[in-house]
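Here is the structure we will look at.
Derivation of every value follows stated rules applied to the coordinates shown; laboratory data play no part. Just so it is clear, the model here is predicted, and its values are computed rather than measured. Heads up, the Cβs are rebuilt from the backbone with ideal geometry, glycines too, and the neighbour counts pull from every protein chain shown.
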Amino acid sequence: MMSIYTCTGYKHFGAEPPLSFHNRHGEQEFRDNMLYLSVAFSDWKHDREMLRFVLDTHFNGFSAKFMEKAIQPFVQANQTPLLHLLIWQHSRDTHDKLKLSIGTEVPVVERFGQEAVSAQRYIANRRAYYASEYARYEAEEKEDAQRWEQREQQLAERRRKREAKAGGTNSPKPAS
């Protein structure tokens, strides 16, 4: 039986942060993904399919055969101890390739010159970061739309005044 104790992660695919409404048109593909899985297997021979399903759900490009090969050294009597799997991808750091860390210790993550933290805390921080980035992006987009609408209203008002003025001065004068 496959026992999942922790399964958490985040995915970002799109423009590289900081996100901006004005630079989205020429954006390049950027990926920042991480999956942390704390798992133990009591029947490794049969549980491989369950692991394949989890990987396909979260990282469909990750080779299950590679994962099986990485886990094999931990298998004793068709069982594994509690394993900590960390799969990540970051366009700048990993050049869009998926990377794997596996071991019996809780993984520690240190990226972007930050302090070293547990994978779970790092994932929570990145989720919060991307949530705030998207909120800021949406606010910028909404503000830009409001400016555009206000500009259109001002142009329409000027056009209306011009037409009213032109209509008043170009009209024939009454005969006396």
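Between beta-carbons, use under 11 Å as the cut-off and find the net charge around Tyr122, counting Lys and Arg +1, Asp and Glu -1.
+2
Using only Cα atoms, figure out Rg for the chain and give it as a multiple of 2.2 N^0.38 Å.
Compared with the compact-globule rule of thumb, the chain sits at 1.80.
Where in segment 45-105 are there trypsin sites (Lys or Arg not before Pro) that are in a DSSP coil and have at most 13 other Cβ atoms within 10 angstrom of their Cβ?
Numbers: sites: Lys45, Arg48, Arg52, Lys65, Lys69, Arg92, Lys97, Lys99; in loops: Lys97.
When the trypsin sites (Lys or Arg not before Pro) of segment 45-105 are filtered for loop state and at most 13 Cβ neighbours within 10 Å, Lys97 remain.
Hey, got the dipole for the chain? About the Cα centre, +1 on K and R Cβ, -1 on D and E Cβ, debye to the nearest 20?
Magnitude of the dipole: close to 900 debye.
log10 I(q)/I(0), Debye, Cα-only segment 28-101, no solvent, q = 0.18, 0.25, 0.28 Å⁻¹?
Here log10 of I(q) over I(0) equals -0.71, -1.20, -1.41.
Give me the Å³ per residue figure for the convex hull around the C-alpha atoms of segment 117-168. Don't skip to the answer; put the middle values down first.
Numbers: hull volume 1.5 nm³, N = 52.
Per residue, the Cα convex hull of segment 117-168 comes to 28 Å³.
Given a Förster distance of 35 Å, report the FRET efficiency between Asp43 and Leu98 from their Cβ-Cβ distance, rounded to the nearest 0.05.
Computed FRET efficiency for Asp43 and Leu98 comes out at 0.85.
For the chain, what does -39500 (n - 2.57) per DSSP helix run (n ≥ 4), summed and divided by total residues, give at 222 nm, in deg cm²/dmol to the nearest 500?
Taken over the chain, the calculation gives -15000 deg cm²/dmol.
I'd like the distance separating the alpha-carbon centroids of segment 77-103 and segment 117-158, in whole Å.
Result: 32 Å between the Cα centres.
Please report the antiparallel percentage of DSSP beta bridges with both residues in segment 40-176, rounded to the nearest 5.
100 percent
Out of Arg162, Arg127, Arg136, any idea which swings most in a Gaussian network model of the chain, alpha carbons joined below 10 Å?
In the Gaussian network model the winner is Arg162.
Just add up the charged neighbours of Ala164: K/R +1, D/E -1, any other residue whose Cβ is under 14 Å from the Cβ of Ala164. It would help to have the intermediate numbers written out before the result.
On the way: positive: Arg158, Arg159, Arg160, Lys161, Arg162, Lys165; negative: Glu157, Glu163.
Every neighbour counted, the sum reads +4.
Report, by chain and number, residues whose modeled amide H sits under 5 Å from the one on His12, excluding near sequence neighbours (fewer than 5 apart, same chain).
For His12, whose amide H was placed from the backbone, the distant partners under 5 Å are Asp32, Asn33.
Kirkwood Rh, Cα Rg: Rg to Rh for segment 47-148?
Taking Rh as the inverse mean 1/r over Cα pairs, Rg/Rh reads 1.12.
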